[in-house]
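The values are calculated or read from the model by the stated rules, or taken from the named source; none is laboratory data. Everything numeric in this text was worked out from a predicted model, so none of it was measured. Cβ sites come from the backbone with ideal geometry, for glycine too, and all protein chains shown count toward neighbours. What goes into the accessible areas is simple: the full protein's heavy atoms, side chains included, and nothing from ligands, DNA or RNA. Shrake-Rupley method; radii C 1.70, N 1.55, O 1.52, S 1.80 Å.
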Amino acid sequence: MSATEGAAPAAGGTPDAAGPRDLTELELPALEAAVAGLGAPAFHARQIYRWVYRRGVTDFARMTDLPASLRTRLAAAFAVPTPTVVERARSRDGTVKFRLGLRDGRGVEAVFIPDTPARTFCVSTQVGCAMQCGFCLTGRMGLTRNLTAGEIAGQVRAMAHDLALADRPFNVVLMGMGEPLHNYEPTMRALRMLASESGLAVPPRRVTLSTVGVLPGLARLATEPVMPNLAVSLHAATEELRERLVPLGRKYPLAELLAACRRFPVGRRERITFEYVLLDGVNDAPADARRLARLLRGIRSKVNVIPLNEAPGIPYRRPPDHRVDAFGRTLAAAGVRVSVRKSRGRDIRAACGQLILEGARPSAGQRMAARLP
């Protein structure tokens, strides 16, 4: 697939494919075929999925309901890599930010947010991000490489077992580092693996994918049998301002993005969430709210207003509370369903737009490879 179809080149390379096959990259049907290829009944694949996803066991020798001979063959043929918890920081509000190490020495950040009102894991889809949104620290990293499906699902596995939540319901939001539709195939495969009843059984209704509007990927997402909830990062109500805040808007204009949202299949009880980061004196006036309301007419939608989470290096400020309140009230008066997001984990830099790995900026060659889709 070309970059214009929603997949970026793996700018920093993917983990070395030599040696045992990576079991965490396999959806259940592929694992069933692989187990059958080892001369064992395919139903053992479901048992393996339960061990890896539900119980957090990656050592085949400990998978005691499998025949001993199969365990030996599996150990010779497969590896079960899992992102390692390198660092863990806990916010005063209970949010936990994880720095997770990958097999090639790279890392990503992911976040656990309790009581939102459910438990929520915020995971990354790329090491860094190529979108370069002006108010987001992750964009300052540039893109180092895409994550594999196993690495995306592996973040959920690692955090769920670290926090002893693998047997409890939780939500997953693809709102961490990276643009999910810029890494389309691995992202969707990860969601299918997480949805498997033999694994963590995370249904699509508990998953939200956030995108700045990679239109080819959005068109493909509209046809997926396993379709997450959709959140679109809008941030502006005029073409000129959005192009300044979100460089991708120069390629996929606001009008085209909203037209794609109107075509997107939305269930009777569902809505597309439009995320709008409020920047003091930039996009937070009542007139901006009224323009936004007009843009969203005819779309089953809700607006998530996100007052900027300030950080060093970001050239914008958070609006005062009275301007945030006025913006939300103006939207509501225009008939828009609106909520104002309460920032979580700001004291540990785990809030929206604050994830960044210091010292992880890609080389000039990698930045060239990480061009916008």
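Brief remarks follow.
- GNM top mover of Phe43, Phe98, Phe327 - the chain, alpha-carbon springs below 10 Å: Phe43
- Stretched out straight at 0.36 nm per residue, the stretch from Ala287 to Ala77 would grow longer than its current Cα-Cα span by 69.4 nm.
- Förster radius 41 Å - calculated FRET efficiency between Arg205 and Arg294, Cβ distance, rounded to 0.05: 0.85
- Cβ-Cβ distance of Gln47 and Arg21, R₀ of 30 Å, FRET efficiency by 1/(1 + (r/R0)^6): the value works out to about 0.95.
- Using alpha-carbon coordinates, inclination of helix 68-77 to the longest axis of the chain, degrees: 60 degrees
- Folded to 0 to 90 degrees: helix 184-195 orientation relative to the chain principal axis, Cα: 70 degrees
- For Arg220, solvent-accessible area (1.4 Å; no DNA, RNA or ligand), Å²: 70 Å²
- With Cα atoms, 0 to 90° folded angle of helix 28-37 axis to the chain main axis: 20 degrees
- Comparing Ala236, Ala289, Ala42 in a Gaussian network model of the chain (Cα springs below 10 Å), the most mobile by mean-square fluctuation is Ala42.
- Label-point separation in nm, Glu256 to Ala61, each point 7 Å along Cα→Cβ: 5.6 nm
- Length gained when the stretch Thr84-Asp167 is fully extended (0.36 nm per residue, less Cα-Cα span): 27.9 nm
- Just the protein heavy atoms count here, and of the accessible area of the chain at 1.4 Å, carbon and sulfur take up 50 percent.
- The calculated FRET efficiency for the pair Glu197 and Arg140, based on their C-beta separation and a Förster distance of 51 Å, comes to about 0.80.
- Taking the stretch 285-316 and a reference point 7 angstrom along Cα→Cβ of Arg269, the backbone N atoms nearer than 18 Å belong to 300-302.
- Spatial separation of Cα centroids for the stretch 70-85 and the stretch 199-268, in angstrom: 36 Å
- Three-way shape call for the stretch 140-225 based on the alpha-carbon gyration tensor, with the a/c threshold at 1.5: oblate
- Under the simplified labelling scheme, the Ala334-Ala36 pair shows an inter-label distance of 5.5 nm, with each label point 7 Å from Cα along Cα→Cβ.
- Considering only Ala89, Ala33, Ala160, the mean-square fluctuation computed in a Gaussian network model of the chain, springs between alpha carbons under 10 angstrom, is largest for Ala33.
- Net charge of Cβ neighbours under 15 Å - reference Ala231; Lys, Arg +1; Asp, Glu -1: +4
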